[in-house]
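Note sheet for the following structure.
The values are calculated or read from the model by the stated rules, or taken from the named source; none is laboratory data. The structure presented is a predicted model; accordingly, all values stated were derived computationally and were not measured. For neighbour counting, all protein chains shown are included, and Cβ atoms are generated from backbone atoms with ideal geometry for every residue, glycine included.
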Amino acid sequence: MNANNSANIFCIANQKGGVGKTTTAINLAAALAALRKRVLLIDLDPQGNATMGSGVDKNGAGEHLYQVLIGDATIAQARVKSESGGYDVLPANRELSGAEIDLIQMESREQQLKNAIQHVVNDYDFILIDCPPTLSLLTLNGLASAHGVIIPMQCEYFALEGLSDLVNTIKRVYNNINPELQLIGLLRVMFDTRVTLQQQVSSQIETHFGEKVFKTVIPRNVRLAEAPSHGLPGVIYDRNSRGAKAYVEFGDELLKRVKKEALRQQARPRI
Ligand code: ATP
Ligand code: MG
């Protein structure tokens, strides 16, 4: 994590589909913005759910992440404000799926996003990247740009098994492309305390990953699922709902973790 004043850059990633990545990205962005942090949310998924869920029209005029990745626009040109969330969005839509093919022909193809981000790192306290449910070249661009990865996960039977692919990818990116990359933490989402199996898997995750598991647990909460259809982050749509409160708490916990980590880095002797 970052000891200086430029943005902390975090990917929200899990190659499993529908586990709550986008919901986490949007609500964390809004929770951090409510804490007066300057936030950019990058939608790295051609589905464009983070864009729409932030109240931004994914098919609207203007540049999108696609143009940024192929070098036709800068982030400063393409970003738009999420009026409802209080943060900036770098929007995406279906066009982005074409970037995979365009990127293959480029030199340092996994570094395109990182290069683009360099120009705006001082504009933000946090840059959050909502990754697609794949371990594709797009996700690789996300991981190559980031200081860390936040993994939202459901406490289901195969959850731990599915994680090993992602953890191996993170290790490979760390070893070969991005020596700054860390696993920031695992966030248990869509949690239902009434389900015994979920409690069992939750304790297994704690045993296995220890301190890397965030204390905050996001409950299954229908208000979080309703919010995107109103173009609002859940924490804004119904701030008194259990889901909203949990994401606000998560924002707090992440801030504390970031501060602790930054202090630890400052304390390290410089060589
Ligand atoms: P994809 O892999 O397709 O990008 P994702 O990992 O980004 O999916 P989301 O889109 O955030 O997952 O969530 C999947 C579905 O679950 C959505 O309909 C969302 O509204 C719903 N959902 C997410 N978190 C919760 C929650 N805590 N409680 C209830 N519903 C939730
Ligand atoms: Mg998503």
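List of remarks:
- The residue of segment 130-156 that is nearest to the chain's Cα centre (by Cα), among those that are within 13 Å of ligand 2 (Cβ to nearest atom) and within 17 Å of residue 97 (Cα to Cα), is 130.
- Criterion: modelled with pLDDT under 95, surrounded by 14 or more Cβ atoms within 10 Å (Cβ to Cβ) and not acidic (Asp, Glu) - qualifying residue of 99, 92: 99
- Selection of segment 3-27 for residues being free of Cβ contacts under 8 Å to residues at least 12 places away in the same chain and aliphatic (A, V, I, L, M) yields an empty set.
- Just one residue in the set 232, 186, 254, 166 is away from ligand 2 (no atom under 16 Å from the Cβ), touching a Lys or Arg at 6+ places or on another chain (Cβ under 9 Å) and closer than 27 Å to residue 139 by Cβ; that residue is 186.
- Candidates in segment 14-52 are the residues that are more than 9 Å from ligand 1 (Cβ to nearest atom) and assigned to a loop (DSSP other than H, G, I, E, B); of these, the one that is surrounded by the most Cβ atoms within 10 Å (Cβ to Cβ) is 44.
- In summary, residue 91 fulfils each of the numbered conditions (1) within 13 Å of ligand 2 (Cβ to nearest atom); (2) without any contact (Cβ under 8 Å) to a residue 60 or more places away in the chain with the single exception of condition (1).
- Count of segment 228-245 residues, restricted to those that are among the β-branched types (Val, Ile, Thr) and either within 10 Å of ligand 1 (Cβ to nearest atom) or touching a Ser or Thr at 6+ places or on another chain (Cβ under 8 Å) (or both), is 1.
- Test: residue in segment 119-129 that is in a strand (DSSP E or B), within 16 Å of ligand 2 (Cβ to nearest atom) and touching a residue at least 12 places away in the same chain (Cβ under 8 Å): yes
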